[in-house]
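Bear in mind that the values in this text are calculations on the coordinates, not laboratory data. Quick caveat: nothing in here was measured; it's all calculated off a predicted structure. Positions of Cβ are backbone-derived with ideal geometry, glycine not excepted, and every protein chain shown enters the neighbour counts.
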Amino acid sequence: MKSAILLVALSVCWFAQPTAAADLTPVEVVEEAVSLLAEKMDGRKEELAADRETLYALIDEMLLPRFDRKFAAQMVLAKHWRDADDAQRERFINAFYQALLRRYADGLLEFEQDRVTVLPFRGDLSKPRATVRSSVMMDDGTKVAVDYELVKRDTGWLLFNVVIEGVSYIRNYRAELDSEIQSSSLEAVIERLEKEADVPGDE
């Protein structure tokens, strides 16, 4: 069940609205994302389910302006980021982003706007990070807590993490990739992600 929610949550995160982003509060970023996602998906679920490349392109078009790829990748790699050279960092950022895009693209096909409730913001906007809380209603009527974590940049608030009932996707990936790097190498992990995402490797 949590996997299905994560699919939807990441999709909402990805579809944040880039228009006048510098003027949006963290809550407005998420609310705009929910509305925009519903608009983009209206009447197109069957088409996108049958055409993966169009689905990926649609996500990529909306995600890049509002998702902090470098920050998310750096947090996932943690201590291994310091050991990576510049070329490896760039390859990891791109491969990790593309792998996420493909792994969670199906979340779009499960999205229903009326099941998402964005809660009032209770944080401090003067701080560099913010958390927007929301809830997603399941088929049986129960509600699941979904938090969106954002970081403040010159261009506005950027999304970088989703936390579902206290479980962070960044922490999960950090643990998973750390174990994989320890048993193989950072280069092997990057190559595996590039292959998974069909990204050209370092020639």
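Remark: the Arg44-Arg102 segment gains 19.1 nm on full extension, using 0.36 nm per residue and subtracting the alpha carbon distance. Per-peptide packing, taken as the mean over residues of other Cβ atoms within 10 Å, places 185-197, 122-134 in the sequence 185-197, 122-134 from highest down. Seen from Val30, the other residues with C-beta closer than 11 Å to its C-beta sum to a net charge of -3, counting Lys and Arg as +1 and Asp and Glu as -1.
Distance between the modelled labels on Ser183 and Ser35, one decimal in nanometres: 4.7 nm (7 Å Cα→Cβ projection). Projected label points at Asp83 and Asp154, each 7 Å from Cα along the beta carbon direction, are separated by 3.3 nanometres. In a fully extended conformation the segment linking Asn172 and Leu119 would gain 16.6 nm over its present Cα-Cα distance, using 0.36 nm per residue.
Taking a straight Cα-Cα cut-off under 28 Å and skipping sequence neighbours fewer than 8 places away in the same chain, the lysines within cross-link reach of Lys45 are Lys2, Lys143, Lys195. Taking every Cα-Cα distance in region 2-196 and sorting them into 10 Å bins from zero, the calculated P(r) comes out as 9, 36, 36, 17, 2 percent.
Extension gain for the segment Arg129 to Glu53, taken as residue separation times 0.36 nm less the Cα-Cα distance, is 24.0 nm to one decimal. The Cβ shell under 10 Å around Asp147 holds other residues with a net charge of -1, Lys and Arg each +1, Asp and Glu each -1.
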